[in-house]
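To start, the structure under review is shown below, and the notes come after it.
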Amino acid sequence: MAATLLSVWSGLATRSQGGSDHKEQAYPDGSLEGQALVRDLLDAIAVTGFPLLPPRPLRYIEAPARYDGEAASLFLGGGITGCPNWQMRAVLQLDAIGSPAVVLNPRRKSYPAGQAEAAREQIAWEYEHLRIADVILFWFCADTVQPIALYELGAHAARGTRLAVGAHPHYPRRLDVVEQLRHVRPDVTVHESLQATVRAAAALLPAAPPGGPENLSLSLCHLRTCWSEGLVWRAVGVLALVVGGSPQS
């Protein structure tokens with residue numbers, strides 16, 4: 001199945017016209033972000049030696065759902081409004097490197113914008129889950145300044161929280177992030193790509209306890225479920241989305 005999807009990606013990425021050597025994108029209206037999303041998806045599916053992990057739905061908490069588990073957790077901090085869905089890419093990249101972390105994602109599939117009560121609920125959820133997360137990943141895309149994320153970064157840098165920080169090279173306040181952290185948290189590197197930031201965050205997570213034979217049997221069942229019902233069907237959906245046009249944020 002993974003090989004088939006890789007073949008599909010190859011066909012989507014380029015196509016020949018009229019027997020010439022000229023090649024173009026099969027989805028000219030697709031955004032660069034959409035293309036990157038597909039690549040991350042296929043990396044997650046085709047990773048060699050796919051780890052014995054529970055399926056992603058068991059390791060994914062999206063606002064406003066509450067997380068009260070004991071497994072190591074990773075909060076995705078950064079821009080939402082006016083930013084591409086980099087959070088989805090981060091989840092796929094974590095799968096690609098076999099991270100067992102429970103992802104805490106503040107970005108909702110559907111958010112009732114303009115409703116004060118929903119805003120209060122969102123703020124309270126982020127406040128609580130930023131504090132219970134084992135690691136916070138901050139990513140600053142190039143599209144907007146993201147003042148709330150800057151505030152949260154400053155607060156948790158001062159608290160001594162385990163942080164992985166990245167800012168796109170064209171992020172307008174990248175220099176400020178680099179210099180502020182150089183003073184308050186010289187141990188934190190500001191990465192230039194989401195992938196490098198994700199890997200840094202995964203490296204900061206506490207080690208998972210070893211599992212016994214019972215856990216191994218359960219994991220094998222989860223592995224089969226993940227392949228047959230999770231990642232593969234997500235692949236079909238994302239491929240169809242990108243072929244049809246750019247993803248909505």
Problem set entry | Relative packing of 110-122, 70-82, which averages over residues the other C-beta atoms within 10 Å, highest first | 70-82, 110-122
Seminar exercise, completed: Any residue on another chain or 5+ positions along whose placed amide H is under 5 Å from the amide H of HIS191 is listed here as VAL165, GLY166, ALA167
Seminar exercise, completed: Taking only the alpha carbons of segment 129-172, the radius of gyration and the largest Cα-Cα distance, Dmax, both in angstrom, are 10.7, 31
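Applying a 10 Å radius around every beta-carbon, put 164-171, 132-139, 190-197 in order of their mean neighbour count, most first.
By packing density, highest mean first, the sequence is 132-139, 164-171, 190-197.
Throughout, read-outs are computed from the coordinates displayed, never taken from laboratory work. This structure is a prediction, so every number in the text was calculated from the model and none was measured. Glycine gets a Cβ as well: all are built from the backbone with ideal geometry, and neighbour counts include every protein chain shown.
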